[in-house]
Amino acid sequence: MLIENLPLPTSRRFAAGIDISRRQVRLAVLSRVRQAVPVRIEWLGAASLDEGVMSGVAIVDRMAVAATLAELLGQWPQRRSVRLLRCAMAVPGSATVLTSVPLPDVRDASDDSSMPVLDAMAPAAAAAAERAAGLERSALALDWFVEEAARAGGAARGQRMTVAATAREHLQARVEVAAVAGVALSAVDGEPPAALRALWHTAAFELGEGVCFVALWVGSDGVYAWRIVDEVVEAHVRYPGSEYEDLAGALHSLAGGHAPAWAVAGGELELMAEVGFSLADIGDLLGCSVVPFECAPFCDDGVGDAAMAPRQWRHASTFAVAFGLALRGVAE
C-alpha cells in the first residue's frame, strides 16, 4: 500500500468556556478537528450560585464560586481531562474599558524583530489604559492590539491601537477561583466579545458568509448589539448609554436604514421581557426576524457527552458567553 493511501491520524482540539454570572456558573466544552469543520459540543452544564456570592461585577465569595465550579466540573464524564483543556473565563463588559489611540512612534526600537517593537509600544498602551480607566497602572490588567503590524521605523500613517483594561482585582479573582477548582486559565476575555463570537459563529453556520445580520446580547449590565456585513462589524450599540434615550432608539440607530437578513439574540433574554420587550418587538425595530441563540445545532447525539447533559441547556440562550469562550480556545 502506498503511504499516501494510508489514513492520516486526526486529533481534536478541546477547550472549555466558564461563564460566571450573577446567578449561575455555566460550562461549555467544545471540540474541533480543524478550522473548516464545524465545532462539536462535548458537554454543557450549569449550577446555581447562592444569593450574595456575587455583587455586581465583583466575586464576593471566591471560595463559594470555586466550590460551585468544582462541583460542575465533576459532573462532566471526562472530568479527569480538565487539566488538559484550554479554559477561559470572562469579565463583564461594565468592568472593562476600551480606548483607541494612535500608534506611538517606535523608530527608536533597535531590532527589526516584532518583540522589541511591541515592547516599545507597551508604555503607550499602559498610559492610555490609565487615562481611560482612571486607575494606576499597578491596579490594572490590560491587553492591546494593532490592526497592522508596526514597523521598527515607525507607525504607518493612520494606524491605531485598541487598548482594553480592567481592574486587576477582577482578573485575579477569576484566576484564583479557577485555580481552587483545579483549572488553569489560558485566557480571560470580555463577556461582550465572547458573546459576539458565539452569535457570529451561529449566524455563519445558519446563513453562510457575506450576509448582513445583527447580533444582540443581553448581559446583567445592559444590551450589546452589532451589525455585521461581509464579516466586518459596521456598527455597534450599547444600552443603557448616554447616546440613546431608550432601547428602541439604540436599535433604530444600529439598523441605520439597512435591512438585515437575520438577527440572533443571546444572553439573559428574560431581562428584556421584564421591561416589555420580546424578540418579535426587536425584530420589528430591526426589520428582520430574530431567533434566540442555542447550542442545539452543535450537539451531536451520536458522539461526545453532550447527550448526557440536561437537554434544557441545549436551548438556553444564556450559554452564549460560555460557548464563545470555548470557541476561542478551539480556534487558537
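The values are calculated or read from the model by the stated rules, or taken from the named source; none is laboratory data. Note that the structure is a prediction, hence the values are computed from the model and not measured. Here Cβ is always computed from backbone atoms with ideal geometry, including for glycine, and neighbour counts include all displayed protein chains.
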task: For residues that are of a type in the set (A, V, I, L, M, F, W, C) and under 16 Å from residue 289 (Cβ atoms), scanning just region 206-227, find the one that is surrounded by the fewest Cβ atoms within 10 Å (Cβ to Cβ).
output: 207
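Per-residue answers, yes or no, for (1) of a type outside the set (Asp, Glu); (2) touching a strand residue (DSSP E or B) at 6+ places or on another chain (Cβ under 7 Å); (3) in the same structural domain as residue 121 (by TED's automatic domain parsing); (4) not in a helix (DSSP H, G or I):
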residue	(1), (2), (3), (4)
65	yes, yes, no, no
70	yes, no, no, no
74	yes, no, no, no
83	yes, no, no, no
88	yes, yes, no, yes
99	yes, yes, yes, yes
104	yes, no, yes, yes
field: Selection status of residue 305, in the same structural domain as residue 90 (by TED's automatic domain parsing), of a type in the set (D, E, K, R) and modelled with pLDDT under 90
entry: yes
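Looking only at region 73-105, which residues are free of Cβ contacts under 8 Å to residues at least 60 places away in the same chain and surrounded by 18 or more Cβ atoms within 10 Å (Cβ to Cβ)? Walk me through how you get there before you give the answer.
Keep residues of region 73-105 that are free of Cβ contacts under 8 Å to residues at least 60 places away in the same chain, which gives 74-75, 79-80, 102-105.
Listed by number, the residues that qualify are 103, 104.
So that you can scan it fast, the table gives a plain yes or no per residue for (1) of a type in the set (Asp, Glu); (2) at pLDDT 90 or above; (3) touching a Leu at 6+ places or on another chain (Cβ under 7 Å); (4) surrounded by fewer than 22 Cβ atoms within 10 Å (Cβ to Cβ):
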| residue | (1), (2), (3), (4) |
| --- | --- |
| 266 | no, yes, yes, no |
| 275 | no, no, no, yes |
| 283 | no, yes, no, yes |
| 290 | no, yes, yes, yes |
| 326 | no, yes, yes, no |
message: Checking the structure you have, find out if any residue of region 34-57 is at positive phi and either at pLDDT below 75 or of a type outside the set (A, V, I, L, M, F, W, C) (or both).
response: yes
Lone qualifier among 199, 247, 185 - being closer than 25 Å to residue 56 by Cα, modelled with pLDDT under 90, crowded, with 16+ Cβ neighbours inside 10 Å and outside the structural domain of residue 164 (by TED's automatic domain parsing): 247
query: Are there any pairs with C-beta distances below 7 angstrom linking a residue in region 119-146 that is farther than 10 Å from residue 163 by Cβ to a residue that is of a type in the set (Ser, Thr, Tyr) and surrounded by 14 or more Cβ atoms within 10 Å (Cβ to Cβ), with the two at least 6 apart or on different chains, and if so which?
result: 141/166
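Take residues that are touching a residue at least 12 places away in the same chain (Cβ under 8 Å) and tell me which of the helices (runs of 4 or more DSSP H) falling wholly in region 223-332 contain 3 or more. Walk me through it before giving the result.
Values: elements: 247-255, 270-274, 279-286, 320-331.
Fully inside region 223-332 and qualifying: 247-255, 279-286, 320-331.
Please go through region 222-270 and pick out each residue that is among the charged types (D, E, K, R) and within 24 Å of residue 205 (Cβ to Cβ). Spell out how you get there, then give the answer.
Going through region 222-270, the residues among the charged types (D, E, K, R) turn out to be 227, 230-231, 234, 238, 243, 245-246, 268, 270.
227, 230, 231, 234, 268, listed by residue number.
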